[in-house]
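All remarks here apply to the structure that follows.
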Amino acid sequence: MPASVIDGNKISQEILEEVSQEVASLKGPKPTIAFVRVGEDPASVFYVGKKQKVAAQVGIESKLNLFPKSCTQAELCAAIDVLNADPAVHGILVQAPLPDEMNEQEVFNRVDPRKDVDGFCRDNLGKLCQEDDSGFVACTPAGIVELLKRSDVNTEGAHVVVVGRSLIVGKPAALLMIKKALPGNATVTVCHSRTKDLGAITRQGDIVIAAIGRPGLITGDMIKPGAVVIDVGINRVEDATAKKGYRLVGDVVFEEAAEVASQITPVPGGVGPMTVAMLMSNTVKACKSLQGEQSLAGKL
Ligand code: NDP
């Protein structure tokens, strides 16, 4: 296996250590994040639990707001309004997926942009387009940038092929890669389900970011020798030999791609832990900025 493995567990621990030190140095109330979860979807229960655990580890307070699957979008939005107005809450995360009857983007847009630590509301997506660093970048693409930065991957002039155009991963990842600063300054191609001859495009990529949600769609022959491969996908595939009856795999066939790539992220242990670490980092940023606003208001 010529590729070196980009260790997301290790890099995320470094970030969490930095966040922890920053939290310890803060004056005033502790950074606080409110989680909003609707229903009992097992993956959502797991992810929110994991985020709460990591928050506690770095000294961030968390509050869990649970709603039954039967709640309406109006009720959920009213609850978000209460959190928006609560000065003790600095960050708000609405765990996706929401029930099918709800318009997820409308709910995300309801979160006060200053507390939108997930970076999903239109103001923060707009700030990303405008390269305004006062906004929040969605945690997964922000984590990808940190992985590249801390693995000494030079994006300047590189051809980055992003597969996937979702608002939470593909699109913001592409915007970050074309940013007029490093890591960025790349030439970016975005592929999606209507792209013709995907392999012909991914094979041009110096960096391939796969955010598709299709297990093993990207095979070794779709990767240019020496490319850097970032596998965002988290897919469950049945595995009778595994304790839980399934195992997690990415969108890339790891064993094949690792034979040709120079660096590659594993699944699990690549992008996943980075997403949680960046959420903590965004929460501290929100806390500092809101407290700055409050102290300024106090002086006026
Ligand atoms: P979405 O389903 O929202 O988007 C998937 C994208 O992949 C779409 O743009 C879709 O195209 C494209 N696509 C689907 N099939 C193909 C195909 N055959 N060829 C090319 N493109 C295709 O998924 P997300 O962006 O939310 O998530 C993607 C993956 O990343 C999932 O496995 C998810 O679990 C994982 N994920 C991991 C995170 C982490 O922390 N590591 C965080 C978030 C997501 P089109 O737009 O045309 O439909």
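Among the residues of segment 137-159, not a single one is at pLDDT 95 or above, in contact with a Cys (Cβ under 9 Å, 6 or more places away or on another chain) and open to solvent by less than 40 Å² (accessible area, probe 1.4 Å). Residues of segment 72-101 that are over 21 Å from Phe136 (Cα atoms) and either modelled with pLDDT under 95 or surrounded by 16 or more Cβ atoms within 10 Å (Cβ to Cβ) (or both): Gln73, Leu76, Ala79, Leu98, Pro99. Residues in segment 204-221 that are open to solvent by less than 30 Å² (accessible area, probe 1.4 Å) and away from the ligand (no atom under 11 Å from the Cβ) were compared, and the one that is nearest to Val162 (Cα to Cα) is Val208.
Residues of segment 188-203 that are surrounded by 20 or more Cβ atoms within 10 Å (Cβ to Cβ) and either of a type in the set (Ser, Thr, Tyr) or not in a strand (DSSP E or B) (or both): Thr202 alone.
Considering segment 227-272 alone, what residues qualify as being touching a residue at least 40 places away in the same chain (Cβ under 8 Å), within 9 Å of the ligand (Cβ to nearest atom) and open to solvent by 30 Å² or more (accessible area, probe 1.4 Å)? Scanning segment 227-272 gives a single hit, Gly272. Please verify whether segment 173-187 includes one or more residues that are within 16 Å of the ligand (Cβ to nearest atom), surrounded by 13 or more Cβ atoms within 10 Å (Cβ to Cβ), not hydrophobic (A, V, I, L, M, F, W, C) and not in a helix (DSSP H, G or I). No, segment 173-187 contains no residue that is within 16 Å of the ligand (Cβ to nearest atom), surrounded by 13 or more Cβ atoms within 10 Å (Cβ to Cβ), not hydrophobic (A, V, I, L, M, F, W, C) and not in a helix (DSSP H, G or I).
Quick grid of which residues meet (1) touching a residue at least 40 places away in the same chain (Cβ under 8 Å); (2) β-branched (Val, Ile, Thr); (3) within 12 Å of the ligand (Cβ to nearest atom); (4) not in a helix (DSSP H, G or I):
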| residue | (1), (2), (3), (4) |
| --- | --- |
| Asn109 | no, no, no, no |
| Val117 | yes, yes, no, yes |
| Gly126 | no, no, no, no |
| Asp133 | no, no, no, yes |
| Phe136 | yes, no, no, yes |
| Glu146 | yes, no, no, no |
| Val160 | yes, yes, no, yes |
| Leu167 | yes, no, yes, yes |
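The values are calculated or read from the model by the stated rules, or taken from the named source; none is laboratory data. Everything quoted here is computed from the prediction, not taken from an experiment. Please note: Cβ atoms are built from the backbone with ideal geometry, for glycine as well, and neighbour counts cover all protein chains shown. Note: areas computed on protein heavy atoms with side chains; ligands, DNA, RNA excluded. Shrake-Rupley method; radii C 1.70, N 1.55, O 1.52, S 1.80 Å.
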